[in-house]
Amino acid sequence: MKENPFVFSLDNKRYHTLNYHNKTTFGRKIHKAVIDCGLTCPNIDGTKGTGGCIFCDGGSGYFTKGELSVEKQLKSEINRIHSRFQDCSVIAYFQANTNTYAPVEILREIYYSVLNFPEICGISVGTRADCLGDDVLNLLSELNEKTYLTVELGMQTVHEKTIYKINRLYSHREFLNSYFRLKNRGIRVCLHIINGLPNETAEMMTETARQTAELNPDAVKLQMLHVIKGTQLENLCNSGKISLLTRNEYTDIIVRQLEILPPETVIERITGDGDRTKLIAPMWSADKKSVLSEIDKKLVEYNTYQGKYYRKRLAP
């Protein structure tokens, strides 16, 4: 294998993995405990819309146990994690639906309840950019002083036509406003990008990565569009109105995106984990190890790495 030219690596990876970030930040392995705190979404409850985004399956935390209290879910998750990794610390990950979509008093109670666990070294909060009012931002700033906080924002794409098609119901301008409000408060932000959205070309997906690079985010999650049973996207797929990326197309796009993203940006995910019991397509995405292996091989074959073509934007 060719010598690895990428500096943010402890192994053969040519991109800035979450494992590298955790080991250099905390000095040990970190695992996420996924929690469903029972919140909904303005694109589900009728405030903005119903049914959610076209790929929404009622919240992405399909393996959580939302019928249990937050504390009981966390205890269960910690026991599961420590049964395999005894010495690791845990980040409480509020994943399902929109986890800032509640009165701030309720959010405060939820967030602070997990900080009482000695195993917890941080909190990750998944949310929409249109659910970050000043009171919520104040709470997140307060929380950021007490623990290692990450806010995960669903960006998906920078293209307004696609945003309309996926029924996200807030604009890219709104997304940018919330992103900068978080960053101005010193909060770590992880952006979610979905490749393979309806009618997007490889050039459009690369442009999303290019504009993301200009934001210089702390972290990014990259994943393939999953068609899940029971979603609006399944109907579009069955009607032949959309085409999905092949594994070769997807991995090529990932390489192109990595090349232009800042090397310091942590790649927290580079492929997705769809619910296999509900996954309609693409079935190749269920073989996560093969997808990861193909990305690694292409990075070596093309003699490239994350940030190879990144150019820091100069101030005007």
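Rule-based calculations on the coordinates, nothing more; no lab input. From a predicted model like this one, the values you see are computed outputs, not experimental measurements. Because the Cβ atoms are built from the backbone with ideal geometry, glycine has one as well, and the counts that use them run over all protein chains shown.
Things to note:
- The range 264-287 and the range 110-162: distance between their alpha carbon centers, rounded to Å: 22
- Among the chymotrypsin sites (Phe, Trp or Tyr not before Pro) in the range 279-309, those located in a DSSP loop and surrounded by at most 14 other Cβ atoms within 10 Å of their own Cβ are 302, 309.
- At an R0 of 22 angstrom, the distance between the Cβ atoms of residue 174 and residue 214 translates into a FRET efficiency of 0.80.
- Gain in span if fully extended, residue 312 to residue 160, counting 0.36 nm per residue against the direct Cα distance: 52.3 nm
- Annotation: extensible slack from residue 69 through residue 83 equals 2.9 nm (criterion: 0.36 nm per residue apart, minus Cα-Cα distance).
- Label-point gap, in nm, between residue 108 and residue 246 - each point 7 angstrom along Cα→Cβ: 5.6
- Relative counts (whole %) of C-alpha pair distances in the range 136-182, using bins that are 10 Å wide: 23, 43, 24, 10
- For the chain: rounded, prolate or oblate by the Cα gyration tensor [a/c cutoff 1.5]: rounded
- Dipole magnitude (debye, nearest 20) for the chain, charges at Cβ of Lys, Arg, Asp, Glu: 580
- Applying 1/(1 + (r/R0)^6) with R0 = 25 Å to the Cβ-Cβ distance of residue 229 and residue 201 gives a FRET efficiency near 0.40.
- When DSSP beta bridges are restricted to pairs lying wholly in the chain, around 5% turn out antiparallel.
- Unit charges at the beta carbon, dipole of the range 18-301: most positive-side option, 112, 202, 73: 73
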